[in-house]
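The values are calculated or read from the model by the stated rules, or taken from the named source; none is laboratory data. All of these numbers come straight from a predicted model, not from anything done at the bench. Using ideal geometry, Cβ is built from the backbone for each residue, glycine included, and neighbour counts are taken over all protein chains shown.
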Amino acid sequence: MSLDARFALDYGDFALDVCLQLPASGVSVLFGPSGSGKSSLLRCIAGLEPAARGSLSFNQQCWQNDAGQRFVPLHQRQIGMVFQEPSLFAHLDVAANLRFGWQRTPAAQRRAGWQQVIDLLGIGHLLARRPDRLSGGERQRVAIARALLASPQLLLLDEPLAALDFARKQEILPYLENLPRELDIPLIYVTHAFEEVVRLADHLLLLQQGRVVAQGAPSQVLSRFDLPPEFADEISVVLQTQVTDVDTHYQLATLQAPGVTLQVPASGLWPGQARRVRIHARDVSLALHDHPDSSILNRLPATVLTTSPAEHPAHALVRLDAGGSEIVARITRRSHHLLQLAPGMPVWAQIKSVVLV
Amino acid sequence: MAALLSPDDWSAIRLSLQLAGATTVLLLLLATPLAWWLARSRSVAAAAVGALVTLPLVLPPTVLGFYLLLALGQNGWIGQLTQALGLGLLPFTFGGLLLASMLYSLPFAVQPLQQAFAAIGPRPLEVAASLRASPLDAFFSVVLPLARPGFITAAIMSFAHTLGEFGVVLMIGGNIPGATRVLSVQIYDHVEALEYPQAHWLAGGMLLFSFVVLLALHLFKRQREQT
């Protein structure tokens, strides 16, 4: 079960040249700066870039092949799409928008129930409204529901939150997080916001100037030391943690990942909850001994795995094993030299900040 | 009022309305695919056809009528075709007037439709395709409803413009009572005969009608912009 694609697209001032394999489940995120070709790649997968040469197959179905004798048009691919700007049909009310794809899906192919999708996106009270009477967030939720009701085998989302303000994003993200689990539909999600990457991605593809520069599990990709310079500040690990305890006196929650115990402010956290956290390399410093007399709460014993020069000549990157979870640290090259860091050395990682995502 | 207008006047009014109605219906059928192609194609051919379609806007109606008369005539290529098909010759018939009117009013139907189609853009079609609609299905279920204001404008403009034509009619249809003598020609005849009161009734009526139609169109557009 996977999506295999190779595409070459040349617009003169921009060229896309990619080869990728995505898992046909969970959320795959295409990430990159604007102009990196992530939206073009998504459109190639949808079959909306007829000029693209290459091949594409999804779960043993060939949608496009090299020789060009096979090209399945979008309406026969059973692909759902959600675009950045609200693209509801202006001449139809919400219910009729939702019915558009639903009616065109043979009953035997329907995988999501009408009421199930409406409840999942929380749009039951909007059915009689016209699109121009909806807020931006509501429109996007209706657009997602409309796509799901056509029972796609694959859902493509092109920066669906980019046009929304922070509050609207927070309103929609939980719905998106639930989708793959609730409906078992693979998602390919284009974004240039790290928050969405870390929160949603099961598989991450990094694009730059029309090429795939890294791909894999988000933590693996984001913790690579060879990320392109514009991502140098983003080098980080993503840990899947469990909330084990909430200290009501200090309002601190304890999060646990293999070998790692972290304490963070307990806003909206309760025991038993699963949360992803992101720890930036730039927020981790190293010491040879534990310093319980410092204000830094999260100090972890770890072992140096590798060290490497960083993008800036003043910096060095250190990969650590903290009892089963990897952590990365960005320190100065001078400190690296003074501490005489080498693989296998025991150190203490001092984590200045943990981002809950 | 019946006494003010002669049977000939009424016949001319009826003929004008028939001509304008038939022209509008046929023109919308023809202009829809043409405008769709012009709105979407980037080819040189589309640019050339776009210019051709616009020609009637700038050409004197007599020029258009003259060439049509030649083409439709006994030795013209359309004339030979209609004769071969057993339709006879079109000049000085209602059919000939209809053809000429369609050509003359073509830009008034194509341009609003083309603008409406262009304004819709490719996105709704992409969305429709992602919801399993074939291109033809999407055209009828998405494009046509979204282009409704364009169709209303195109219909009103084609109808009103056909009602008001004179030069082409005279060249191609002449002045045969009950067959090709439309309102504008009837007015001309009244004026030629110095029958000013009759001319006034017809001319004033047309002025009022055209004004009301255009006013309705503007109000319709303004209302749409507000919503």
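Points worth noting:
- Residue A:144 vs. criteria in contact with a Gly (Cβ under 7 Å, 6 or more places away or on another chain) and modelled with pLDDT under 95: no
- For segment B:109-131, a residue qualifies if it is more than 21 Å from residue A:143 (Cβ to Cβ) and either within 12 Å of another protein chain (Cβ to nearest Cβ) or not β-branched (Val, Ile, Thr) (or both), and the qualifying residues are B:109, B:111, B:112, B:113, B:114, B:115, B:116, B:117, B:118.
- Filter result for residue A:54 (facing another protein chain (nearest Cβ under 8 Å), touching a strand residue (DSSP E or B) at 6+ places or on another chain (Cβ under 9 Å) and either assigned to a helix (DSSP H, G or I) or surrounded by 13 or more Cβ atoms within 10 Å (Cβ to Cβ) (or both)): no
- Yes/no for residue B:69 being crowded, with 18+ Cβ neighbours inside 10 Å, part of a helix (DSSP H, G or I), within 14 Å of chain A (Cβ to nearest Cβ) and out of contact with any Leu (no Cβ under 9 Å at 6 or more places or on another chain): no
- Which listed residue is under 18 Å from residue A:235 (Cβ atoms), in a strand (DSSP E or B) and out of contact with any Lys or Arg (no Cβ under 7 Å at 6 or more places or on another chain), from A:318, A:328, A:264: A:318
- Filter pass, residue A:61 being surrounded by fewer than 16 Cβ atoms within 10 Å (Cβ to Cβ), more than 9 Å from every other protein chain (Cβ to nearest Cβ) and within 27 Å of residue B:139 (Cβ to Cβ): yes
- Residues that are part of a loop (DSSP other than H, G, I, E, B) and free of Cβ contacts under 8 Å to residues at least 24 places away in the same chain, drawn from segment B:159-190: B:175
- Positions within segment A:100-131 being within 12 Å of another protein chain (Cβ to nearest Cβ) and touching a helix residue (DSSP H, G or I) at 6+ places or on another chain (Cβ under 9 Å), in sequence order: A:100, A:101, A:102, A:104, A:105, A:110, A:130, A:131
- Scope segment B:102-157; condition among the polar types (S, T, N, Q), assigned to a helix (DSSP H, G or I) and farther than 30 Å from residue B:173 by Cβ; matching residues: B:115, B:130, B:141
- Taking each residue of segment B:132-158 that is touching a residue at least 60 places away in the same chain (Cβ under 8 Å) and more than 9 Å from every other protein chain (Cβ to nearest Cβ) and looking for partners that are among the β-branched types (Val, Ile, Thr) and surrounded by fewer than 16 Cβ atoms within 10 Å (Cβ to Cβ) with beta-carbon atoms closer than 8 Å, six or more apart or interchain, yields B:156/B:213.
- Within the option set A:136, A:124, being free of Cβ contacts under 8 Å to residues at least 12 places away in the same chain and out of contact with any Ser or Thr (no Cβ under 9 Å at 6 or more places or on another chain) holds for one residue only, A:124.
- Sole exception among (1) more than 18 Å from residue A:279 (Cβ to Cβ); (2) in a loop (DSSP other than H, G, I, E, B); (3) among the hydroxyl-bearing types (Ser, Thr, Tyr) for residue A:335, by number: (2)
- Residues in segment A:64-77 that are part of a loop (DSSP other than H, G, I, E, B) and of a type in the set (A, V, I, L, M, F, W, C) were compared, and the one that is farthest from the other protein chains (Cβ to nearest Cβ) is A:67.
- Some residue of segment A:269-280 being farther than 27 Å from residue A:202 by Cα and either exposed (fewer than 12 other Cβ atoms within 10 Å of the Cβ) or in contact (Cβ under 8 Å) with a residue 40 or more places away in the chain (or both): no
- Output for segment A:156-169, where each listed residue is charged (D, E, K, R) and outside any loop (DSSP other than H, G, I, E, B): A:158, A:168, A:169
- Restricted to segment A:78-96, and to residues there that are without any contact (Cβ under 8 Å) to a residue 60 or more places away in the chain and facing chain B (nearest Cβ under 9 Å), the residue that is nearest to residue B:144 (Cα to Cα) is A:91.
- Filter pass, residue A:108 being of a type outside the set (Val, Ile, Thr), buried (at least 22 other Cβ atoms within 10 Å of the Cβ) and either free of Cβ contacts under 8 Å to residues at least 24 places away in the same chain or within 28 Å of residue A:57 (Cα to Cα) (or both): no
- Hits in segment A:338-357 - residues which are touching an Asp or Glu at 6+ places or on another chain (Cβ under 7 Å), in a loop (DSSP other than H, G, I, E, B) and either within 15 Å of residue A:276 (Cβ to Cβ) or not charged (D, E, K, R) (or both): A:353, A:357
- Each residue in segment A:332-355 was checked for being closer than 28 Å to residue A:199 by Cβ and crowded, with 18+ Cβ neighbours inside 10 Å, and 4 pass.
- Some residue of segment A:16-36 being free of Cβ contacts under 8 Å to residues at least 60 places away in the same chain, in the same structural domain as residue A:206 (by TED's automatic domain parsing) and touching a Lys or Arg at 6+ places or on another chain (Cβ under 6 Å): no
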